[in-house]
Amino acid sequence: MLQLQQLEVAYDESTVIRDITMEIRPGQIVCLMGRNGVGKTTLIKSIMGLLKAKKGVITYGVDEMTHKTPTYRARRGISYVPQGREIFPQLTVNENIMLGLEARSNSKRTIDQKIYDYFPVLIEMKDRLGGDLSGGQQQQLAIARALVSEPECLLLDEPTEGIQPNIVQDIQNVIRDIKKQNENISILLIEQSFDFAKSVADYFYIIDKGRIVYEGEELIESEVSHHLSV
Ligand SMILES: Nc1ncnc2c1ncn2[C@@H]1O[C@H](COP(=O)(O)OP(=O)(O)OP(=O)(O)O)[C@@H](O)[C@H]1O
Ligand SMILES: [Mg+2]
């Protein structure tokens with residue numbers, strides 16, 4: 001289980017995440033929602049260790065990892081798909097996917113066929129440069145790269161942002177299938193779409209100005225419109 005306790009994260013003097021306590025249990029898909037600029041990406045980066053916690057504690061199972069490196073966290077089974085995808089445009093699709101193997105805790109160095117079953121387009125395009133792919137294809141590549149490390153905990157930062165509807169549907173199916181195939185995986189999904197969030201997640205947090213303002217097993221439309229409308 002991933003637990004955040006009273007987490008605080010700042011950029012220099014500017015505090016962005018304040019007193020956030022949340023948990024993601026094995027087998028759970030947790031969705032984090034909130035307006036632009038409220039601190040969602042900052043929070044997920046601090047879980048991955050890319051930003052330092054100023055206060056608070058992050059634990060993963062029995063492991064306190066508040067001050068551990070991103071590499072350590074990746075080896076422990078946490079995998080991250082950044083907002084905007086951040087694939088390597090000058091590397092081929094295949095090379096991008098292979099990079100995901102680096103994070104693997106065991107020494108297995110082959111790519112599970114399931115990854116290509118999820119995203120068949122990545123086989124067709126395996127020798128193309130990452131930068132030549134459409135936005136939706138790059139998102140699929142970024143998810144594939146995260147999945148080859150066979151994560152126990154998957155962090156997804158707005159995987160459907162700016163993506164055409166048919167690929168959004170594919171991503172939705174993949175998230176559901178990952179959960180079906182692996183009862184113990186936990187997923188933290190940052191998502192702005194009410195329908196998408198509701199269709200895949202089983203617990204919800206809404207964040208506003210760096211604080212949790214709603215949490216629960218139900219995603220209530222009035223709460224979402226109250227906290228997400230501009
Ligand atoms: N590198 C940085 N240095 C200083 N401030 C930053 C930095 N990155 C983000 N911020 C600020 O921190 C706040 C939260 O940003 P963050 O990217 O976490 O929001 P977000 O909820 O992910 O937004 P979006 O929905 O647009 O992705 C914003 O006010 C942003 O301007
Ligand atoms: Mg963001």
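Considering the Cα trace of the chain, what is its radius of gyration and what is Dmax, both in angstroms?
Cα-based Rg and Dmax for the chain come out at 17.0, 48 Å.
Once you put a point 7 Å from the Cα of TYR116 and another 7 Å from the Cα of GLU8, both along the Cβ direction, what distance in nm separates them?
That separation, rounded to one decimal, is 5.1 nm.
Please list, in order along the stretch 28-35, the HN-Hα scalar couplings obtained from phi with the Karplus expression 6.51 cos²θ - 1.76 cosθ + 1.60 (θ = phi - 60°), rounded to whole Hz, x for Gly and Pro.
Values, residue by residue: 9, 10, 10, 10, 10, 10, x, 4 Hz.
Let's see if you can work this out: charge +1 on each Lys and Arg Cβ, -1 on each Asp and Glu Cβ, no other charges. What is the dipole magnitude of the stretch 61-179 about its Cα centre, in debye to the nearest 20?
Details: 14 positive and 17 negative charges, 73 e Å.
That gives the stretch 61-179 a dipole magnitude of about 340 debye.
From the phi angles alone, apply the Karplus equation (6.51, -1.76, 1.60; θ = phi - 60°) to the stretch 122-134 and give each ³J(HN,Hα) in whole Hz, x where the residue is Gly or Pro.
Running phi through 6.51 cos²θ - 1.76 cosθ + 1.60 with θ = phi - 60° gives 6, 6, 3, 9, 4, 9, 7, 6, x, x, 7, 7, 5 Hz.
Taking K and R as +1 and D and E as -1, what net charge do the other residues with C-beta under 10 Å from the C-beta of ILE212 add up to?
Working: positive: ARG18, ARG211; negative: ASP19, ASP208, GLU215.
So the surrounding residues net to -1.
Taking Cα centroids, how far is the stretch 34-83 from the stretch 141-204 in Å?
Cα centroid to Cα centroid, the span is 18 Å.
Rounded, prolate or oblate: pick one for the stretch 44-109, where a ≥ b ≥ c are the square roots of the eigenvalues of its C-alpha gyration tensor, a/c under 1.5 means rounded, and failing that, prolate if a/b is larger than b/c, else oblate.
oblate
Against the 2.2 N^0.38 Å scaling, with N counting residues, where does the stretch 23-62 land? I'd like the Cα-based Rg ratio to two decimal places. The partial results should precede the final answer.
On the way: Rg = 11.5 Å, N = 40, 2.2 N^0.38 = 8.9 Å.
Expressed relative to 2.2 N^0.38 Å, the Cα Rg reads 1.29.
If I take R0 = 22 Å and measure r between the Cβ atoms of THR71 and GLU23 in this structure, what FRET efficiency does the formula 1/(1 + (r/R0)^6) give, to the nearest 0.05?
Calculated value: 0.40.
Exposure proxy check: ILE143, ILE163 ranked by fewest other beta carbons within 10 Å?
Taking fewest neighbouring Cβ atoms as first place, the list is ILE163, ILE143.
Give, as ranges by residue number, the residues of the stretch 1-38 whose backbone N falls under 13 Å from the point 7 Å along Cα→Cβ of GLU64.
What the label zone holds, given the 13 Å backbone N cut-off, is 5.
Calculate the spin-label point distance for ASN36 paired with MET98, positioning each point 7 Å from the Cα along the beta-carbon direction, and give it in nanometres.
Output for this residue pair reads 3.8 nm.
Among 205-217, 32-44, how do they line up by average Cβ neighbours within 10 Å per residue, starting with the highest? Mind dumping the intermediate values first?
Values: 205-217: 16.8, 32-44: 20.5.
Most protected by this proxy first, the peptides run 32-44, 205-217.
If r is the Cβ-Cβ distance from ASN173 to ASP195 and R0 is 22 Å, what FRET efficiency results, to the nearest 0.05?
For ASN173 and ASP195, the calculated efficiency is 0.95.
From the P(r) of the stretch 138-188, can you give the percent of Cα pairs sitting at distances over 19 Å?
20
Bear in mind that the values in this text are calculations on the coordinates, not laboratory data. Bear in mind the structure is a predicted one, so any value in this text is a computation, not a measurement. Reconstructed Cβ throughout: ideal geometry from the backbone, glycine too, with neighbour counts over all protein chains shown.
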